[in-house]
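Reading through the structure tokens given below for one structure.
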Amino acid sequence: MSILRTFLAAALLSGATFALPASAQLPGVLRVSAIPDEAPTELQRKFKPLGDYLKQETGLEVLFIPVTDYAAVVEGLATNKLDLAWLGGFTYVQARLRTSGGVVPIVQRAEDAKFTSRFIVPVNSPAKTLADLKGKTFAFGAPSSTSGSLMPRYYLLQAGIDPERDFKSVAFSGAHDATVAFVAAGRAEAGVLNASVMDKLIESKNANAEKVRVLAITPPYFDYNWTVRPGLDAALTKKLTDAFLKLDPSQPAMKEIMDLQRASKFIPTQNSNYDGIEAAARSAGLVK
């Protein structure tokens, strides 16, 4: 079993294709992944206590499978190679479309019902408003990131700023913490990332975060959730949902999990919460 689990993890991580039927899964194993919106080491650190907790609550071995891009998580859910995944709002919409509505969002953090993105500039930048960024170089996160690309782009367009037309150049850093590094190092004159990662970097006195400042904040929108693949056993889906919902930061054993997830509590979510994200994506021409 351990050899097979190691093989599956390595194959999914590398993006390799192999002769595994779509219906195949490892007995007694819950396969979990997350969009790579932060450094791989940080994602592993955040997941470890949660994985141990889910093992305790479900009785299953929990295998965390890191991936190199957002599309791999969508494909993993759609092809039955993942059972549970941490998705951004736009990635969820992509998974919903890819599976013809088969994926099921089960929970989100309370914070995800009113999520925001923050536009940043170097601390010594003269910019005072978003309009001052016209003609500047700009960094988004990953192209499929809700909070690092889609929703900031949507609000820029609403403010009369077309990134491709009005910025000198547009780059994609690949992750929220990488965007801060881009701006801090002068590789971009401005950028945007999600509020949660920005808060975490400031709290940890990250050297790059100390070289930038927040210029503007987007209006709130729905974002991250935990989603299960199409056809996951209903009893297991309920176990997973209940496990998240009973996490309580007032309990010492659960506080580390909640702190790492930057969650005050988990709440139920539903498919319709992400209709606005899909509308924004269609408006931006990112889905058809």
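The values are calculated or read from the model by the stated rules, or taken from the named source; none is laboratory data. Every value quoted in this text rests on a predicted model; they were computed, and no experiment measured them. Because the Cβ atoms are built from the backbone with ideal geometry, glycine has one as well, and the counts that use them run over all protein chains shown. SASA here: full protein model, heavy atoms, side chains in, ligands and nucleic acids out. Shrake-Rupley method; radii C 1.70, N 1.55, O 1.52, S 1.80 Å.
Computed quantities for the displayed model
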{"item": "Prolate/oblate/rounded label for the chain (Cα gyration tensor, a/c 1.5)", "result": "prolate"}
{"item": "³J(HN,Hα) computed for each position of the stretch 126-135 - Karplus, 6.51 cos²θ - 1.76 cosθ + 1.60, integer Hz, glycine/proline x", "result": "x, 4, 10, 9, 4, 4, 6, 7, 4, x"}
{"item": "For the chain, size of Cβ-based charge dipole, Lys and Arg +1, Asp and Glu -1, in debye", "result": "220"}
{"item": "Net lengthening on full extension, Gln158/Ser283 (0.36 nm per residue, minus Cα-Cα)", "result": "43.9 nm"}
{"item": "Residue list for the stretch 194-215, given a label point 7 angstrom along the Cα-to-Cβ vector of Thr41 and an amide N cut-off under 15 Å", "result": "206-208"}
{"item": "Carbon + sulfur, % of accessible area of the stretch 120-181 - ligands and nucleic acids excluded, 1.4 Å", "result": "53"}
{"item": "For the stretch 169-288: span of alpha carbons on each principal axis (Å, largest first)", "result": "51, 44, 23"}
{"item": "By accessible area with a 1.4 Å probe, ligands and nucleic acids excluded, highest first: order of Ile217, Ile120", "result": "Ile217, Ile120"}
{"item": "Shape category assigned to the stretch 172-218 from the gyration tensor of Cα positions, a/c cut at 1.5", "result": "rounded"}
{"item": "³J(HN,Hα) computed for each position of the stretch 148-153 - Karplus, 6.51 cos²θ - 1.76 cosθ + 1.60, integer Hz, glycine/proline x", "result": "x, 8, 4, 5, x, 4"}
{"item": "Fully extended contour minus Cα-Cα distance, from Lys246 to Ala171, at 0.36 nm per residue", "result": "23.0 nm"}
{"item": "Sequence of Ser144, Ser250 when ordered by accessible area, the most exposed leading, probe 1.4 angstrom", "result": "Ser250, Ser144"}
{"item": "Accessible area in the full protein assembly, largest first, 1.4 Å probe, for Phe138, Phe172, Phe222", "result": "Phe172, Phe222, Phe138"}
{"item": "Arg213 - accessible surface, heavy atoms, 1.4 Å probe, Å² rounded to 10", "result": "70"}
{"item": "Links that overshoot a 21 Å alpha carbon limit, given the list Lys46/Lys255; Lys168/Lys205; Lys114/Lys168; Lys114/Lys200; Lys200/Lys255", "result": "Lys168/Lys205; Lys114/Lys168"}
{"item": "Å² per residue, accessible surface of the stretch 135-274 at 1.4 Å", "result": "43"}
{"item": "Three-way shape label, the stretch 111-184, alpha-carbon gyration tensor, a/c 1.5", "result": "rounded"}
